[in-house]
């Protein structure tokens, strides 16, 4: 009897059918290949945000449908940019998001920022203002705390260094004017561009921003260091002291 039962099980045709766990994997593989083919043939512009996000998540989630998670992330954060720039802690609050997903998103963010930085640094800063703005927005607009950054330029207005000088709270960053001048001299910088973000989203300069900028200009001038601009980056846009004729 026992031998007969074993024979029946081993010859059952059910063993040659995909099981319930295999079938979804096969369907996912087909869907993934179709998305990749559309990307290759039509370019990223042909894909809505959730499908582009799906493609990014493929490496982090190799055997599961990534569409539901892509849509949850967009619903939670509002846009593709907000998802890519969201902090780790917030991302992990979304159902289905683990460390692999967070790492994959941060790789995309780092790659995008590096490409923009290279583009910004490849030509004189003053002739590539849009590239400068795009870069500063990418690295600062979504920060939860204020950050004060300086772009140091040589005599041909090419980028020597891009450094974060200070990080503060949600609405304040301590700025040490003499340290800015000291660092400029160390790098032999002939000019600087000041940049900081407003996590509140409103890029309008505050009275403190105006006073601090005036102090930096006054102390830097005797050393032959020009302040070309002070950019304030917010989620809703930016403010340029030069454009506003505040410099």
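The values are calculated or read from the model by the stated rules, or taken from the named source; none is laboratory data. All values reported here derive from a predicted model rather than from experimental measurement. Every residue, glycine among them, receives a Cβ derived from its backbone with ideal geometry; neighbour counts consider all protein chains shown.
Candidates 217, 175, 164: the one that is in contact (Cβ under 8 Å) with a residue 24 or more places away in the chain and closer than 18 Å to residue 125 by Cβ is 217.
Filtering the range 149-157 for residues that are without any contact (Cβ under 8 Å) to a residue 24 or more places away in the chain and under 23 Å from residue 212 (Cα atoms) leaves an empty set. Being modelled with pLDDT of 90 or more, exposed (fewer than 15 other Cβ atoms within 10 Å of the Cβ) and not assigned by TED's automatic domain parsing to the domain that holds residue 82 is the requirement here; does residue 159 meet it? So residue 159 does not fit the description; no. Here the helices (runs of 4 or more DSSP H) wholly within the range 59-165 that include at least 3 residues being more than 24 Å from residue 234 (Cα to Cα) are 67-77, 99-121.
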